[in-house]
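Okay, so here's the structure we're looking at.
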Amino acid sequence: MRFRRLIVCSILLALLPAAPALAGEPPSTPAPTASAPPESTPPAEQPSPEQPPSERPPSEQPSSEQPSQGRPEEKLEEGLAVAEGTSRVIVELTDAAQTAPVAAQAAAQDAQVVLQPETQPAAQPFIVVEGSAEELAKLAEDPRVASIHRDRAYPPTAISSLPVIGADKAHAEGRTGAGQAIAILDTGIDRDHPFFGGRIVAEACFSSTEYDGVESLCPNGQSQMTGTGAADSEYAKCLLGGENLCEHGTHVAGIAAGQGGVAPGAGIVAVQVFSRVNDEDACGAAACLMAFESSLRLAVDHVASLAPATPIAAMNLSLGGQLSDTSCDTSEEGQVFKPKIDDLLAKGVATVVAAGNEYFEGTTFPACVSSAVAVGASDNGDRIADFSNTGPLLDLFAPGVDIESSVPDDAMAAHSGTSMAAPHVAGALAVLKAAFPDQAIGALVEKLKTSGRPFSYQAGGVQVTTPRLDLAAAASGAAPQPTVSQSGPAPAPSESGPSPEPTDEDPQSEDPRSEDPGESDEPDPTPIPLPTVTVTVTVTATPPAAPSSVCTRGTAGTRMTAKEWAVEVYRGTGQLSDETLTCYLKLAHKTSKVFPELTKASSLGKAYRVLKAPKGARAKLDRALLAAWLNWAHGATSTLAPVQAAEKVRLTAKASSASLKKATAALGK
């Protein structure tokens, strides 16, 4: 459920340098230029402009020796004239009949002719040449050359993880999910992306605007929209500084049902469930996306309303909220969503949810609902991803590391996270449902679980076995592959704790993280509740060999006091990096009910004020709670029970001073 750098819900993309063409369309090819008729030719004898040259008399054929429009330097794509070494280029020609002559001319000028098609379309004839800047400039002087531009290397359109789960074998047997659909509740979809081949069968948008600074992402500007264009991820409000915040849904949909995805024959029900939040403290950027619970509830109900008439095999939720190490069926949120998930299951729709990327022995909500299919991430070498949540609440693992899929603007990119793992399972269910239409969807989920390759690992002090998706085995009834024993994910060790203490000087005048001097140092006794379901994954495309920057819990960290944590967050006086500390705060905000994203500990400066010299029993409990969350994020503690118990006391409206002090003391043990 993450895209490389976690910035709460911000979704940013850096295009792969190997695919510059994905940023825009190639330059258009100038049309061939016919010579003007002689002045002495009577108008009646001139060829009709609608008459193709191939049908005109030989005397009226355009002359191939006439120069094309534009100077030679204008024919070259920008940068080719000064490029070092050689460049592989497409040489567009004015006339298909000139293919062989121009190729011969290029070779005579020492350029290498890489491709000379034997047959050429009359409208767009070309050859492929590799040459130096000087050689290409000389070639551009040929009047038979219309333009020269790079032969761009597009990323693969097939997803590299398909052989891992046996999807390629299923496809070879004609099992593609045709006749089924997958509902993608996410950030919308690039509607005209060639990866989807016109298989978007329905669209809807549920985008809350219930809070200040929150904007709807529905193209009609309202909080709801259904019909064509409702889930458009290229809507103007999805854009921020040239980046598309809404690319996550297109990537997820491509994995599940793209032309190179798990179920390339399935239809797609695209549902936008996110809102744009314009709050730098909350986002770590000028804006980000959040999925509010109200929007999700409406969206799930909408999918249920479609299910009787539309054969939807699975609903994919690559998002998540609070963490849980036990089933959350009886929690406040669980009591709302469990009946909805059960209703969908009764209608033949499985709810597939990303388990989360917190390196936690549990899952995020709503993956913790027992009737949902919770999916963790593994890599293509059958190792648990170092960011993936684990444990007995998980139903399946699926590939989720460096997964190549579609993104807006007709592009492709590689991203990682349990967000990428979940749609592998959603797509697999569509394939199975199409192959076994008489079997209940619950039985097909069990088929995936019993046929998957077992991963055996330690979680919570006990041995746990979770199967890795194997679509080929599920479809054919083959026995599972041998068990893979592993030690579980192992993130790099966290940085060590601090030793110096902050001075007693007023940080307001020195610390750039600090708040407006006019703000009170006393924390607000009633935290503002934030919706419990928010995106936990952001994506930054990087070359596969680059190390991933993962916002996940630390490991083997040293437990620190609130005073020591204050050192860490105070203007670089500690040893943990700002990036690590910001990540820890975001993990705390994600699962804490006292420190949600939009309140007092959303930035390092605000966190410092909570941790430093609080007054009153409630403020001291806040200080202890924040330190406890930071210790958990740092990997110094593993259980959530004590801090969650203390939060219940903190959130009691009429908690006595004695109960607040008792909860504070319990956190210090």
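The values are calculated or read from the model by the stated rules, or taken from the named source; none is laboratory data. As the structure is a prediction and not an experimental result, all values here were calculated from the model. With ideal geometry, Cβ positions are generated from the backbone for all residues, glycine too; neighbour counts draw on all protein chains shown. Only protein heavy atoms, including side chains, enter the accessible area calculation; ligands, DNA and RNA are left aside. Shrake-Rupley method; radii C 1.70, N 1.55, O 1.52, S 1.80 Å.
Tabulated data for the structure shown
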item	result
Yes/no for Leu581 being at pLDDT below 85 and under 31 Å from the mean Cα position of the chain (by Cα)	no
Members of segment 167-199 found to be part of a helix (DSSP H, G or I) and of a type in the set (Lys, Arg), listed by number	Lys169
Subset of segment 271-290 (residues that are out of contact with any Lys or Arg (no Cβ under 9 Å at 6 or more places or on another chain), at pLDDT below 90 and open to solvent by less than 10 Å² (accessible area, probe 1.4 Å))	Val277, Ala282, Cys283
Any strands (runs of 3 or more DSSP E) falling wholly within segment 373-462 and containing at least 3 residues that are buried (at least 24 other Cβ atoms within 10 Å of the Cβ)	373-378, 396-399, 403-407, 411-415
From the options Met315, Met225, residue that is without any contact (Cβ under 8 Å) to a residue 60 or more places away in the chain and part of a strand (DSSP E or B)	Met225
Pick from segment 171-187, criterion out of contact with any Phe, Trp or Tyr (no Cβ under 7 Å at 6 or more places or on another chain) and farther than 15 Å from Pro311 by Cα, ranking: surrounded by the most Cβ atoms within 10 Å (Cβ to Cβ)	Asp186
Residues of segment 155-211 satisfying the condition of being modelled with pLDDT of 95 or more, of a type in the set (Gly, Ala, Ser) and in contact with a strand residue (DSSP E or B) (Cβ under 6 Å, 6 or more places away or on another chain)	Ala181, Ala183, Gly188, Ala202, Ala204
Lone qualifier among Leu240, Leu217 - being touching a strand residue (DSSP E or B) at 6+ places or on another chain (Cβ under 9 Å) and open to solvent by less than 10 Å² (accessible area, probe 1.4 Å)	Leu217
Selected residue (only one of Lys447, Lys433 is modelled with pLDDT of 95 or more, basic (Lys, Arg) and under 27 Å from Phe360 (Cα atoms))	Lys447
Qualifying residue in segment 644-653 (condition: touching a Gly at 6+ places or on another chain (Cβ under 8 Å) and within 21 Å of Leu323 (Cα to Cα))	no
Total residues in segment 631-669, condition part of a loop (DSSP other than H, G, I, E, B), of a type outside the set (D, E, K, R) and farther than 16 Å from Lys620 by Cβ	7
Selected residue [assigned to a loop (DSSP other than H, G, I, E, B) and at pLDDT 65 or above] from Val537, Val550, Val567, Val594	Val594
Boolean, Glu92 is closer than 26 Å to Ala411 by Cβ and either at pLDDT 90 or above or not hydroxyl-bearing (Ser, Thr, Tyr) (or both)	yes
Where Leu344 falls short, out of the listed (1) among the hydrophobic types (A, V, I, L, M, F, W, C); (2) in a loop (DSSP other than H, G, I, E, B); (3) under 27 Å from Asp438 (Cβ atoms)	(2)
Set Glu293, Glu234: member being open to solvent by 10 Å² or more (accessible area, probe 1.4 Å) and modelled with pLDDT under 90	Glu293
Meets criteria (open to solvent by 10 Å² or more (accessible area, probe 1.4 Å), in a strand (DSSP E or B) and farther than 17 Å from Gly320 by Cα) for Ala202	yes
Candidate set from segment 311-362 (those that are under 30 Å from Gly635 (Cα atoms) and charged (D, E, K, R)); member that is most open to solvent (accessible area, probe 1.4 Å)	Glu332
Which numbered condition Val262 misses (of (1) open to solvent by less than 10 Å² (accessible area, probe 1.4 Å); (2) among the aliphatic types (A, V, I, L, M); (3) free of Cβ contacts under 8 Å to residues at least 60 places away in the same chain)	(3)
Every residue from segment 636-666 that is in contact (Cβ under 8 Å) with a residue 40 or more places away in the chain, buried (at least 20 other Cβ atoms within 10 Å of the Cβ) and not β-branched (Val, Ile, Thr)	Leu640, Glu647, Arg650, Leu660, Ala663
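Conditions tested, residue by residue: (1) among the β-branched types (Val, Ile, Thr); (2) assigned to a helix (DSSP H, G or I); (3) touching a helix residue (DSSP H, G or I) at 6+ places or on another chain (Cβ under 8 Å); (4) free of Cβ contacts under 8 Å to residues at least 12 places away in the same chain.
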{"site": "Glu74", "(1), (2), (3), (4)": "no, yes, no, yes"}
{"site": "Ala81", "(1), (2), (3), (4)": "no, yes, yes, no"}
{"site": "Val89", "(1), (2), (3), (4)": "yes, no, yes, no"}
{"site": "Thr99", "(1), (2), (3), (4)": "yes, yes, no, no"}
{"site": "Ala103", "(1), (2), (3), (4)": "no, yes, no, no"}
{"site": "Ala106", "(1), (2), (3), (4)": "no, yes, yes, no"}
